[in-house]
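Quick notes on the structure that follows.
The values are calculated or read from the model by the stated rules, or taken from the named source; none is laboratory data. Note that the structure is a prediction, hence the values are computed from the model and not measured. A quick note on method: Cβ atoms are made from the backbone with ideal geometry, for glycine too, and the neighbour counts reach across all protein chains shown. In case anyone asks, the SASA skips ligands and DNA or RNA and just uses the protein heavy atoms, side chains included. Shrake-Rupley method; radii C 1.70, N 1.55, O 1.52, S 1.80 Å.
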Amino acid sequence: MATKFRLFPEMKKRLIIHFFCIFLLGFVVIDCSTYWSHRKKDLGDVFTAGIESPGYGIGVRIGPLATGFVFQGGESEPGKRDLGTGYGLRGGTYGPYRSQQLIFGFLGGEKFHSLPPSETPKKEETKKPEQNSQTGDNFLLLPENPESEQDPNPTPELSDERLNSKSYEIRYLRFYNNPVSERRKAKKEAFFRKYLESLDPHKRNEAIQTFLAQNPKNKDDYPSAFLFEVELYISIRYGIRLGFNFGEFLDFLLGFAGIDLMEDDI
């Protein structure tokens, strides 16, 4: 009897150890794919290598500091800025993307967003919400935004939130001359947009979705990684863009320790 009582605690201890090992192994296997997927994406964020068209000139950009003479992109008709495409590795994604850039000395600006083949944005007819005199819990009156009518080719809202976070549209001079009133206005718009998204998480309210589509979150803004990027662009009709991002490289290294410096592990 004494032997049996001595074996019971040992068996119980072994069972606990085995259970813990199985649980830990299962946790690692389940989370491992996500972990390495983030590391792979972080590595892709470090480099830029793409072929773009149409474009002319040569330019260098170090963070928000751009210099040279570049005209890349353009309009298929007056007021419609829909030209300027590229293919390669940019914004952490390999594939087609929209690229427009203008550099005149140190002035100008640029626009970038990914165009995944399965999510290439098409022309959408903007439907005006019908006026309804009835009021209720599902009726929401949104403010009109005259600025949305001035941009016939806004930055599209893609289903991949990470791709959206890498998109940007910026004027270089705006980076240096950004009044307090403009910064406050941008914060209010971002807060209002987030509030609207919380009201319609399943994207079923036509009025809300129309308003959000006309007011993309990345318009005239840039991700934090933009400040740490070095790019070279050379083109005669068809050009190449090469770049290296020091901030994303540090984010890639720290990612192995579980630190998301750029907050892009989405």
I want to confirm something. Restricting to segment 66-119 and keeping residues that are in contact with a Leu (Cβ under 7 Å, 6 or more places away or on another chain) and open to solvent by 50 Å² or more (accessible area, probe 1.4 Å), which single residue is modelled with the highest pLDDT?
F71
Of all residues in segment 51-65, which are open to solvent by 10 Å² or more (accessible area, probe 1.4 Å) and part of a strand (DSSP E or B)?
I51, S53, P54, Y56, G57, I58, V60, I62, L65
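Going by the conditions given, is K187 open to solvent by 80 Å² or more (accessible area, probe 1.4 Å) and within 17 Å of the chain's Cα centre (by Cα)? Outline the logic, then answer.
Numbers: open to solvent by 80 Å² or more (accessible area, probe 1.4 Å): yes; within 17 Å of the chain's Cα centre (by Cα): no.
Here the answer is no, as K187 does not meet what is asked.
Using the structure shown, decide if G243 is under 25 Å from R174 (Cβ atoms), open to solvent by less than 20 Å² (accessible area, probe 1.4 Å) and free of Cβ contacts under 8 Å to residues at least 40 places away in the same chain. It would help to see each step written out before you state the result.
Numbers: under 25 Å from R174 (Cβ atoms): yes; open to solvent by less than 20 Å² (accessible area, probe 1.4 Å): yes; free of Cβ contacts under 8 Å to residues at least 40 places away in the same chain: no.
Considered against the rule, which asks whether it is under 25 Å from R174 (Cβ atoms), open to solvent by less than 20 Å² (accessible area, probe 1.4 Å) and free of Cβ contacts under 8 Å to residues at least 40 places away in the same chain, G243 comes out as no.
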May I ask you to list the residues in segment 67-99 that are part of a strand (DSSP E or B), within 20 Å of the chain's Cα centre (by Cα) and over 22 Å from K41 (Cβ atoms)?
T85
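Hey, among the residues in segment 209-228 that are of a type outside the set (A, V, I, L, M) and open to solvent by less than 20 Å² (accessible area, probe 1.4 Å), which one's modelled with the lowest pLDDT? Outline the logic, then answer.
First pass over segment 209-228, keeping only residues of a type outside the set (A, V, I, L, M): 209-211, 214-224, 226, 228.
Those still in the list that are open to solvent by less than 20 Å² (accessible area, probe 1.4 Å) too: 216, 226.
On the way: P216: 64, F226: 90.
So the residue we want is P216.
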